[in-house]
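The values are calculated or read from the model by the stated rules, or taken from the named source; none is laboratory data. All figures in this text were calculated on a predicted structure; none of them were measured in a lab. Here the Cβ is made from the backbone with ideal geometry for all residues, glycine too, and neighbour counts use every protein chain on show. Note: areas computed on protein heavy atoms with side chains; ligands, DNA, RNA excluded. Shrake-Rupley method; radii C 1.70, N 1.55, O 1.52, S 1.80 Å.
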Amino acid sequence: MDPDAFYEVVHSRRDVRSGFRPGAAVDDAVLRRVLDAAHAAPSVGFSQPWDFLVVRDRALRERVQAHVAASRAAYAATLPGARAAAFRDLKVEAILDAALNIAVTCDPTRGGRHTLGRHTQPRMAPYSTVGAVQNLWLAARAEGLGVGWVSFGDERLLAGLLGLPPHLEVVAYLCVGPVTDFAPEPELATAGWAQRRPLRWAVHHDTYGRRGLPGEEPMDLLDETVAAIVAPDGAARAAATERLDRMTKPRGSLGRVEDVAVTLAGIAGSCPPAVPEPAAVAVFAADHGVHAQGVSPWPQEVTAQMVGNFVAGGAVVNAFARRLGAEVCVVDVGVAAPLAAPDAAPVPGLLPRRIADGTADMTAGPALTREQARAAVEVGIETARDLVAAGNRCLVTGDMGIANTTAAAALICAFTGSEPGAATGRGTGIDDATLAHKTAVVAAALARHDPDPADPVGVLAAFGGLEHAALAGFVLGAAALRVPVLLDGVNAGAAALVAAALAPAATGYCVAGHRSAEPGHAVALAQLRLEPLLDLGMRLGEGSGALLALPVLQAAAQALQDVATFDAAGVADKEGAEQLRP
């Protein structure tokens, strides 16, 4: 075997949706070799649970295509607006274009009741069948045939359309045929729908999370992320400033929008930058031990209840996101109450990334261990990575946690030197007496821990919260990938201070969406030298205020792309007009 030839086939395999040659057929001898390769796949207990239904009949394929089209439409209706717009331009199947279709089925009963390996892993039959699908795909590529996997459709309805016995499962429905050529990159990547995750993100050594390629020392995710952050591109910023001055409008007439446009160009490293869409807001949720000090009238159980509300789509952040076409991702980084039974199926839209069941009381000792604080930062980095790899071009910070404004006030004081009275606010709407008590709690925690702002992980460990640590990592992860981050309110401001202490250049990737009514937010923004885009008196959190600023970012980038310059439009600018005067 030629290893180079094998790896070339592996890396040039594509999920083909377009480019099938019209009227081209698959030679029977070639198809036999491809199916023989699929049949040679390994299977648990040598049960060989697969069968291959070759579908050439045009009428049957038309029925399958109609079912898939209906399924596609139903999926499109569930997408956020920006994703739905991008999805409309994607070709997701070639059922009628390809020379033939192949349904790969699984018989979970094959092999008898004592099949090796299936007793404790009943899903090993379909897992084995996936191996046959991959063999088929690679063999087809070696033969110069394209293969596209049709992933839309109800499996049981599709099985019925194909006339399968009820005990068979459809594992894959494939479109197969000669193609004009193979794209250099996967179609979903070139369309901007998603990006390939680097291998070193996916290789772990001995312990999950100790990542690195073979032969390398396992990387430190936080240190590597910080090292990857560079200042925004000065040349692109200058180019954006120069272009704004040449656009068909009076200079500076767009006010702060022009500042945003320059910021986005610097982040992207190009002028004009891409419009920052799709956007995703990550709501990091966690609880706080300091709640026991009576700093909030709300019971701690509200955190878990609101997580359920976010996932169900019933919160303000969901309403705003729907209007603006953004995705909402909820991350359990430290909710005290269980959100689901241990053996429950994953909940769509909820990432289980819990580091601890809430923090300890920061007035009695450290809220977190250093290891917990660092792990929570890495949760934020990973969340940013995954959302960007999924195709998002703008990240929005969100948070949820009863008593989290108490921890935020302590963090802000630690990094800015502000007095507790200037940084502590009413949070969910406490009265004067409770505010005075809350301020005293913050002061007591600061006195107990005597935080060193030069040790940001230590400051996080002293005060928490887990969502603040994750938000800091979220900012760092976005900055390392050169993606803009829209900051929400006081909790995002506190987290951005942590991120800036870890990597000062990260601030250049942040845009303050709004100014919270919480006094500590203004203190944090001043330290970060960020001017908020909106000031609506909001103090909800969740990412709600930042989302309202999203259209400003997108419009700023769109203006740089679309608005004509004076010379291109044939319009005389002020300077040109003055030169024409006698």
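Computed quantities for the displayed model
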{"read-out": "Subset of the stretch 1-15 that is of a type in the set (A, V, I, L, M, F, W, C) and open to solvent by 60 Å² or more (accessible area, probe 1.4 Å) - its residue that is farthest from V147 (Cα to Cα)", "value": "M1"}
{"read-out": "Residue list for the stretch 510-530, filter: in a loop (DSSP other than H, G, I, E, B) and either in contact with a Lys or Arg (Cβ under 7 Å, 6 or more places away or on another chain) or among the β-branched types (V, I, T) (or both)", "value": "S516, A517, E518"}
{"read-out": "Restricting the stretch 208-225 to residues that are farther than 13 Å from R374 by Cα and assigned to a loop (DSSP other than H, G, I, E, B), the residue that is most open to solvent (accessible area, probe 1.4 Å)", "value": "E217"}
{"read-out": "A433 vs. criteria farther than 22 Å from A526 by Cβ, in contact with a Ser or Thr (Cβ under 8 Å, 6 or more places away or on another chain) and open to solvent by 10 Å² or more (accessible area, probe 1.4 Å)", "value": "no"}
{"read-out": "Among (1) at pLDDT below 95; (2) buried (at least 18 other Cβ atoms within 10 Å of the Cβ); (3) among the hydroxyl-bearing types (S, T, Y), the one test that T263 misses", "value": "(1)"}
{"read-out": "Failed condition for T428, given (1) at pLDDT 95 or above; (2) of a type outside the set (A, V, I, L, M, F, W, C); (3) at negative phi; (4) not in a helix (DSSP H, G or I)", "value": "(1)"}
{"read-out": "Boolean, T115 is of a type in the set (S, T, Y), open to solvent by 20 Å² or more (accessible area, probe 1.4 Å) and touching a helix residue (DSSP H, G or I) at 6+ places or on another chain (Cβ under 9 Å)", "value": "no"}
{"read-out": "Residue satisfying condition, being under 27 Å from L254 (Cα atoms) and either at pLDDT 95 or above or of a type in the set (F, W, Y) (or both), within set E542, E467, E518, E531", "value": "E531"}
{"read-out": "Identity of the residue in the stretch 443-468, of a type in the set (A, V, I, L, M, F, W, C), under 34 Å from the mean Cα position of the chain (by Cα) and assigned to a helix (DSSP H, G or I), that ends up surrounded by the most Cβ atoms within 10 Å (Cβ to Cβ)", "value": "L466"}
{"read-out": "Boolean, G192 is more than 25 Å from G349 (Cα to Cα) and either touching a residue at least 12 places away in the same chain (Cβ under 8 Å) or surrounded by fewer than 16 Cβ atoms within 10 Å (Cβ to Cβ) (or both)", "value": "no"}
{"read-out": "Conditions (1) more than 30 Å from P278 (Cα to Cα); (2) exposed (fewer than 14 other Cβ atoms within 10 Å of the Cβ): number failed by A74", "value": "(1)"}
{"read-out": "Given (1) among the β-branched types (V, I, T); (2) within 22 Å of E531 (Cα to Cα); (3) open to solvent by less than 50 Å² (accessible area, probe 1.4 Å), number of the condition V230 does not satisfy", "value": "(3)"}
{"read-out": "Residues being assigned to a loop (DSSP other than H, G, I, E, B) and farther than 19 Å from L395 by Cβ - total across the stretch 76-91", "value": "5"}
{"read-out": "Answer residue from the stretch 160-189, given it is among the small types (G, A, S) and surrounded by 19 or more Cβ atoms within 10 Å (Cβ to Cβ) and is nearest to P276 (Cα to Cα) among those", "value": "A172"}
{"read-out": "Residue match in the stretch 272-289 (condition: farther than 30 Å from T434 by Cα and in a helix (DSSP H, G or I))", "value": "no"}
{"read-out": "Selection count, the stretch 531-561, where residues are assigned to a loop (DSSP other than H, G, I, E, B) and either open to solvent by 60 Å² or more (accessible area, probe 1.4 Å) or touching a strand residue (DSSP E or B) at 6+ places or on another chain (Cβ under 8 Å) (or both)", "value": "11"}
{"read-out": "Residues of the stretch 16-38 classified as of a type outside the set (V, I, T) and either open to solvent by 90 Å² or more (accessible area, probe 1.4 Å) or over 37 Å from the mean Cα position of the chain (by Cα) (or both), total", "value": "13"}
